[in-house]
Amino acid sequence: MLPTIGSKELITLLPTLLESQKVLIPKIAYPSYQVSGLVSKSEVVEVDIASDTWPDGDLAWVNTPSNPTGRVHSEAELNANIAWARSGARVLAVDECYVPFPDSKKPFSIFSLTNGDNRNIIAAHSLSKRSNLAGYRAGFIFGDPKIVNQLLEVRKHLGLMMPLPVQAAMVAALSDETHVLEQSARYVARRKVMASALVATGFKIEFSEAGLYIWCSRSEGDWELVSWFAERGILTTPGSFYGQAGKQHIRISLTATDKNIAAAADRIRQG
């Protein structure tokens with residue numbers, strides 16, 4: 001296990017630290033995966049979750065539950081991803097930052113499928129999400145000891161060691177589950193309020209099975225939808241921000257207060 005200065009530190013530097021030549025990323029994904037390949041001058045290939053369609057590569061990113069879609073990938077899909085990684089000298093990096101927040105489906109760590117054999121696999125977690133510690137830059141990775149030790153040896157020369165007070169804050173946060181369960185319940189309640197208003201106004205909600213977001217569409221492009229919401233005082237993110245495959249969708253965050261979520265839902269219902 002290795003503490004990281006937020007999960008972005010790991011995501012953006014991983015191909016550089018591993019000297020990856022070809023990085024596979026989800027077609028709809030957090031932009032830092034693509035940026036990591038650009039920084040390392042690696043070839044970046046967008047792929048679906050089904051690894052039987054993946055080309056050869058030395059690093060693949062999987063995000064479950066997904067940002068922005070909230071999709072929880074299945075055991076069969078993740079087992080196939082593990083098999084892909086172990087069929088060669090490859091690394092499967094799984095971003096599990098949203099695992100603590102179930103809704104219609106319960107997320108799980110990929111290590112629940114490895115039976116203690118963590119070869120070729122690492123996972124990233126972020127306390128920015130789990131414990132609302134955004135700004136502390138507190139995250140960690142764990143998994144294959146060989147990969148973690150390699151990252152440790154290289155990273156310390158970059159001066160990116162985590163300050164001791166932040167590590168102490170992480171210990172305190174990770175030692176308590178009550179606040180995580182309370183926050184998770186808030187997201188479930190907010191999703192219910194917002195989803196009801198969206199469906200009533202003709203939106204189609206896709207996936208959004210866990211995590212902090214709603215992924216939805218209507219018969220318009222993403223920027224048209226962003227404008228529609230903006231006219232009602234609601235900020236959303238265009239789906240194309242996460243890849244061209246998302247250009248007919250928007251992402252709605254559930255991180256506003258309960259009061260503001262309810263007010264936004266009322267404005268949506270008014271059309």
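Read-outs throughout are calculated quantities, based only on the coordinates presented, and are distinct from any laboratory measurement. Worth saying up front: this structure is predicted, and the values here are computed from it rather than measured. As a convention, Cβ positions derive from the backbone with ideal geometry for all residues, glycine included, and neighbour counts pool all protein chains shown.
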**Report entry** Cβ crowding within 10 Å averaged over residues, with 154-164, 79-89 ranked highest first
**Finding:** 79-89, 154-164
Report task. Quick one: check the C-alpha center-to-center distance for region 109-139 versus region 13-29, whole angstrom. Result -> 17
Query raised in the report: Of the residues PHE140, PHE229, PHE101, which exhibits the maximal mean-square fluctuation in a Gaussian network model of the chain defined by a 10 Å Cα contact cut-off?
Result: PHE229
Report summary line: In order over region 14-30: 3J(HN,Hα) from phi, Karplus 6.51/-1.76/1.60, θ = phi - 60°, whole Hz, x for each Gly or Pro, gives 4, x, 5, 5, 8, 6, 6, 9, 9, 10, 9, 10, x, 4, 10, 7, 3
Query raised in the report: Say the cut-off is 30 Å between C-alpha atoms; which of LYS105/LYS156; LYS204/LYS259; LYS41/LYS106; LYS41/LYS204 go over it?
Result: LYS105/LYS156; LYS41/LYS106; LYS41/LYS204
Query raised in the report: Among LYS247, LYS41, which comes first, second and so on when ranked by fewest other beta-carbon atoms within 10 Å?
Result: LYS41, LYS247
Report task. Note down the net charge around HIS249, summing +1 for each Lys or Arg and -1 for each Asp or Glu among other residues with Cβ under 14 Å from its Cβ. Result -> +2
**Report entry** Distance from region 245-270 to region 64-92 (C-alpha centre basis), Å
**Finding:** 29
Query raised in the report: Using alpha carbons only, how many degrees (0 to 90, rounded to 10) separate the axis of helix 164-174 from the longest principal axis of the chain?
Result: 60
**Report entry** Per-residue [θ]222 nm for the chain (sum of -39500 (n - 2.57) over DSSP H runs n ≥ 4, rounded to 500)
**Finding:** -12000 deg cm²/dmol
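Restricting the count to DSSP beta bridges whose residues both fall in the chain, what percent are antiparallel, rounded to a multiple of 5?
Taking every DSSP beta bridge within the chain, about 55 percent pair in antiparallel fashion.
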Query raised in the report: What translational D, rounded to a whole number of µm²/s, comes out for the chain from Stokes-Einstein when the hydrodynamic radius is the Kirkwood one over Cα pairs, at 37 °C and 0.692 mPa s?
Result: 169
Query - Longest segment of the chain lacking GluC sites (Glu not before Pro) that sit in a DSSP loop with at most 16 other Cβ atoms within 10 Å - result: 20-176
Report task. Could you let me know the centre-to-centre spacing of region 151-183 and region 184-220, using Cα atoms, in angstrom? Result -> 31
Requested in this report: Measure nothing but the geometry: give the 0 to 90° angle between the long axis through the Cα atoms of 75-86 and the longest principal axis through the Cα atoms of the chain, rounded to 10°.
Outcome: 30
